[in-house]
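The values are calculated or read from the model by the stated rules, or taken from the named source; none is laboratory data. Quick caveat, the model's predicted, so the values are computed rather than measured. No Cβ is skipped: glycine too gets one built from the backbone with ideal geometry, and neighbour counts run over all protein chains shown. Just so you know, the surface numbers come from the protein's heavy atoms only, side chains and all, with ligands and any DNA or RNA stripped out. Shrake-Rupley method; radii C 1.70, N 1.55, O 1.52, S 1.80 Å.
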Amino acid sequence: MKRSVYILCAATVLFLFSTVQLLRSRDPVSSAAATATPRDGLISAPGRVEAISEEIRVSSELSGRLHSVPVEEGDRVTKGQILAQIENEDYIARVSAAEATLAQRKAELERTINGARSQERLAAQANVQAAKAVLDNSRREAERRRSLADHEMISRDEAERYQRAYQVAQAEYERATQEFSLIDAQARVEDRLRAEAAVATAEAQLAEARAFLEKTYIRSPLNGVMLRKFRHAGESVSTQFDSPVVTLADDSSLRVRLDVDETDVARLSLGQPAYVTAEAYGMQKFTGHVIRVGRILGRKNVRTDEPSERVDTKILETLVQLDPGQKLPLGLRVDAYVQIAEAKPAD
């Protein structure tokens, strides 16, 4: 009986010892924390790699159906490059109509400024000369008939008839003269201003039509790399809800966003040197320095997927700028280490 009790106690002790050793071997977070204590001058924190521009969601300013999306994930793009195009036949037609209206308004302004054509001026001048000839002839006839009537060689009624013909010729001459003066005169100020306003309105309408046409071309806002392609040719986009076509980022410079535990925030400061490591890159270190320290604590952004990880810990977001020339995939989870400045010994 006593021998069975001894065997049971020994088995229990062996089981507890094995369990403790197993838990220690499966707790890399505790091991990492043990190797990065304030005593060795490091603050350890999980982080993720991001581009200097962060992730840019590019959407359309117009609703419509996509005609083409000529880029793929991973492509390098330049600022202003066309990423997608919306079907735009109706917008092209609006531009053509606005251009025709502008041409018409400009022609009207030019005619208002220049006045009548030379042929119209010559015709009006000829009318004046013809009316002048008729007037002169009517005046001579009226004078002759009046002289004959004074000598009682013709009746007074006949003389008055020629006098009235002379008056009609005189009125016709005045009309022709005024018509020529109107054709030959420069445009009135109010007519010219009205014509210029019509041209300005047509120019504004053309600019508006061209602006809407330009919005059918979705262009890259920066130099960078394509991350995601959400829409393809034939699909519709709308301004009524969030419907990005692609996402991209400027990865010319990389940063790491850290979740620094609240117990370490007092030791953080701008400019502190730092480095990050990633499981995929072994022991390789990617160096940088702290460029931003948050001002408010929040929840964790980066999870280590360890069962023993605490999710209720408050963290302070901190940004580390990686040194130029170092390349890491965007979104990669890394382990970051910030070097704490050593206190100078007292004299």
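Observations
- Charged side chains reduced to their Cβ positions (Lys and Arg at +1, Asp and Glu at -1) give the stretch 150-256 a dipole of some 1320 debye around its Cα centre.
- Projecting label points 7 angstrom from Cα along Cα→Cβ for Ile154 and Gln178 puts them 3.0 nm apart.
- The residues packed around Leu66, meaning those with a beta-carbon under 9 Å from its beta-carbon, carry a net charge of 0 if Lys and Arg are +1 and Asp and Glu are -1.
- Exposure ranking of Ile291, Ile113 by accessible area [1.4 Å probe, largest first]: Ile113, Ile291
- For Val246, residues with placed amide H under 5 Å, excluding near neighbours: Val58, Phe230
- Amide H contacts of Leu222 (H built 1.01 Å from N, under 5 Å, at least 5 apart or other chain): Gly80
- Distance violations [Cα-Cα > 32 Å] among Lys106/Lys132; Lys229/Lys314; Lys106/Lys215; Lys79/Lys327; Lys79/Lys314: Lys106/Lys132; Lys229/Lys314; Lys79/Lys314
- Cβ crowding within 10 Å averaged over residues, with 253-262, 150-159, 58-67 ranked highest first: 253-262, 58-67, 150-159
- With 0.36 nm allotted per residue and the present C-alpha distance subtracted, the Ile340-Arg194 stretch has 45.1 nm of extension available.
- Other residues whose C-beta falls under 13 angstrom from the C-beta of Pro324 contribute a net charge of 0, scoring Lys and Arg +1 and Asp and Glu -1.
- Per-residue HN-Hα couplings for the stretch 264-280 [Karplus 6.51, -1.76, 1.60; θ = phi - 60°; Hz; x = Gly/Pro]: 10, 5, 5, 9, 8, 7, 5, x, 5, x, 8, 8, 10, 10, 9, 4, 5
- Cβ-based net charge around Ser220, under 11 Å, with every Lys or Arg adding one and every Asp or Glu removing one: +1
- Using a Förster distance of 30 Å, the FRET efficiency for Ala280-Lys314 (Cβ separation, nearest 0.05): 0.55
- Under the Karplus curve 6.51 cos²θ - 1.76 cosθ + 1.60, θ = phi - 60°, whole-Hz ³J(HN,Hα) for the stretch 146-160, x wherever Gly or Pro sits: 5, 5, 5, 5, 5, 8, 6, 8, 9, 6, 5, 4, 5, 5, 5
- Between Glu235 and Ala266, the FRET efficiency from the beta-carbon distance, with R0 = 51 Å, is close to 0.50.
- Hypothetical label at Asp250: residues of the stretch 65-82 whose amide nitrogen lies under 13 Å (7 Å Cα-Cβ projection): 78-80
- Rounded to 0.05, the FRET efficiency of the Ile92 and Glu55 pair, given R0 = 41 Å and the Cβ-Cβ distance, is 0.80.
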